[in-house]
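K.L.:
First the structure, then my questions, so here it is.
A short reminder: the numbers here are calculations on the coordinates, not readings from a lab. Here the structure is a predicted model, which is why all the values come from computation and not from measurement. Cβ placement follows ideal geometry from the backbone for every residue including glycine, while neighbour counts extend to all protein chains displayed.
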Amino acid sequence: MLNIKTFVFSPFDVNTFVVWDDGSKECAVIDPGCYSDEEKNSLAKFIAEKELRVKYLFNTHCHIDHIFGNAFVKEKFNPQFLIPKEDLFLLEMGKEQGRMFNLDLDEQPKPDDFFSEEETLSVGNLSFSFLFTPGHTPGEFCFYAEKENICFTGDVLFKEGIGRTDLWGGNYETLITSIEKKLLTLPEDVKIFPGHGEQSTIGYEKINNPFF
C-alpha cells in the first residue's frame, strides 16, 4: 500500500515527500528541503518511527530549496541518489545558490545516477516512471506512479500555477510544452503533489489553471 508523508521545510516552504510501501518498508525521499537541524531531525525521527529503509533520494530538480537536505539524507541513510543530468550544474553550484539568499548550504553529494524516461524504479511494490519536463530548469523530471494514480510535479505544475522561468536555464515556452505534452495528457483523476502548495488533480488544472 502506498503511503505519503509531506513535510513543509525551509524559508521557501518546499514540500518534502517521504513515499513508502507498507509491506517492504522501503521508501524514497523526494526533494529534501530540510534546512535547520530541527527540520533534519524531524525527518530522521519520522523515518525511524516508521522503521523505514531509505532506498532512494530523488531531486525533481536542483534549485536550492529542493536540495538543502541532500547531504544529510545521503550521509545518514546512504540511499541511491538520483537527479536530472541536465541539472548537475545547479547541484554543483549549490553553495553559490545559497550565497544569493544569504544561506549556507552543505557541500552537495555526487549523484549515483540520473533519471531516464526509459526506465522505471521500484520502492517495494510501488513503481515510478520518470517524465522529462524541462522549462523551470533545463532538466526537471516529474515522478509518475501510474498504478497509484499520483504524480510528483516538482516546480513544473502547481495548483492553479506553474513554475517560474526566470532562473538558470528556465524557459517559459519549454515549460508550457512540457506540461501540455507530459502532464495534461495523464488521466484527469491523477493526483498531483507539487513542490510547493496544495495537492490538485490533472482534471482540476485543465479547467482552473489560468495558464491553460
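K.L.:
Only counting other Cβ atoms within 10 Å, I'd like Ser10, Ser127 sorted with the fewest neighbours first.
P.N.:
Details: Ser10 20, Ser127 14.
In increasing order of surrounding Cβ atoms, one gets Ser127, Ser10.
K.L.:
How many angstrom lie between the C-alpha centres of region 143-212 and region 1-57?
P.N.:
Between the Cα centres of region 143-212 and region 1-57 lies a distance of 22 Å.
K.L.:
Two decimals is fine: what's Rg over Rh for region 1-47, C-alpha atoms, Kirkwood radius as Rh?
P.N.:
Values: Rg = 10.9 Å, Rh = 11.0 Å.
Radius of gyration over Kirkwood radius for region 1-47 works out to 1.00.
K.L.:
Moving to a separate point now. Once you've got the GNM for the chain with C-alpha springs shorter than 10 Å, pick whichever of Asn171, Asn59, Asn102 has the biggest mean-square fluctuation.
P.N.:
In this elastic network of the chain, the residue with the biggest mean-square fluctuation among Asn171, Asn59, Asn102 is Asn102.
K.L.:
Return the equivalent ellipsoid semi-axes of region 76-128 as a descending list in whole Å, where each equals the square root of 5 times an eigenvalue of the C-alpha gyration tensor.
P.N.:
27, 14, 9
K.L.:
Share of Cα-Cα pairs in region 2-208 beyond 29 Å, in percent? Each step should come with its number before you reach the end.
P.N.:
Values: 3515 of 21321 pairs.
Result for the distance tail: 16 percent.
K.L.:
Ok, one more. Can you list the residues of region 108-130 with backbone N under 20 Å from a point 7 Å past the Cα of Lys147, pointing along Cα to Cβ?
P.N.:
Taking a point 7 Å out along Cα→Cβ of Lys147, the residues of region 108-130 whose backbone N falls under 20 Å are 116-130.
K.L.:
Starting with the fewest neighbours, write out Lys55, Lys110 ranked by other beta-carbon atoms found within 10 Å of each beta-carbon. Spell out each step's value before the answer.
P.N.:
On the way: Lys55 20, Lys110 10.
Fewest-to-most Cβ neighbours within 10 Å comes out as Lys110, Lys55.
K.L.:
About its Cα centre, how strong a charge dipole does region 2-208 have in debye, to the nearest 20, once Lys and Arg get +1 and Asp and Glu get -1 at the Cβ? Numbers along the way, then the final one.
P.N.:
On the way: 20 positive and 36 negative charges, 58 e Å.
Computed charge dipole of region 2-208: roughly 280 debye.
K.L.:
Please report the relative contact order for region 2-208, taking Cα pairs under 8 Å with a sequence separation of at least 6, and give it as a percent rounded to a whole number. Walk me through the numbers on the way to the answer.
P.N.:
Working: 453 pairs, mean separation 32.3, N = 207.
RCO, region 2-208: 16 percent.
K.L.:
Turning to a different aspect of this structure: Pull out the extension gain between Ser24 and Lys85, defined as 0.36 nm times the separation in residues minus the alpha carbon to alpha carbon distance; nm, one decimal. Write out the running numbers ahead of the final one.
P.N.:
Values: separation 61, 0.36 × 61 = 21.96 nm, distance 2.90 nm.
Gain in length upon complete extension: 19.1 nm.
K.L.:
Please compute, for the alpha-carbon atoms of region 61-178, the extent along each of the three principal axes and give them in descending order in Å.
P.N.:
Principal-axis extents of region 61-178 (Cα, largest first): 42, 37, 23 Å.
K.L.:
Then there's this: Note the direction-averaged projected area, equal to a quarter of the hull surface, for the Cα convex hull of region 139-212, in nm². Walk me through the intermediate numbers first.
P.N.:
Details: hull surface 18.0 nm².
Averaged projected area of region 139-212's Cα convex hull equals 4.5 nm².
K.L.:
Also: Grab the beta carbon distance between Met1 and Arg164, set R0 = 35 Å, and tell me the FRET efficiency rounded to 0.05.
P.N.:
Values: r = 35 Å, r/R0 = 1.01.
Rounded to the nearest 0.05, the efficiency is 0.50.
K.L.:
With 32 Å as the limit, write out which pairs from Lys25/Lys191; Lys55/Lys206; Lys50/Lys147; Lys110/Lys182 have Cα-Cα distances beyond it, or answer none.
P.N.:
Working: Lys25/Lys191 23 Å; Lys55/Lys206 34 Å; Lys50/Lys147 23 Å; Lys110/Lys182 28 Å.
Beyond 32 Å: Lys55/Lys206.
K.L.:
If you don't mind, another one. Ignoring everything except DSSP H segments at least 4 long, calculate the 222 nm mean residue ellipticity for the chain; use -39,500 (n - 2.57) per segment, divide by total residues, nearest 500. Please list the in-between numbers first.
P.N.:
Working: 7 runs with 51 residues, N = 212.
Value at 222 nm, helices only: -6000 deg cm²/dmol.
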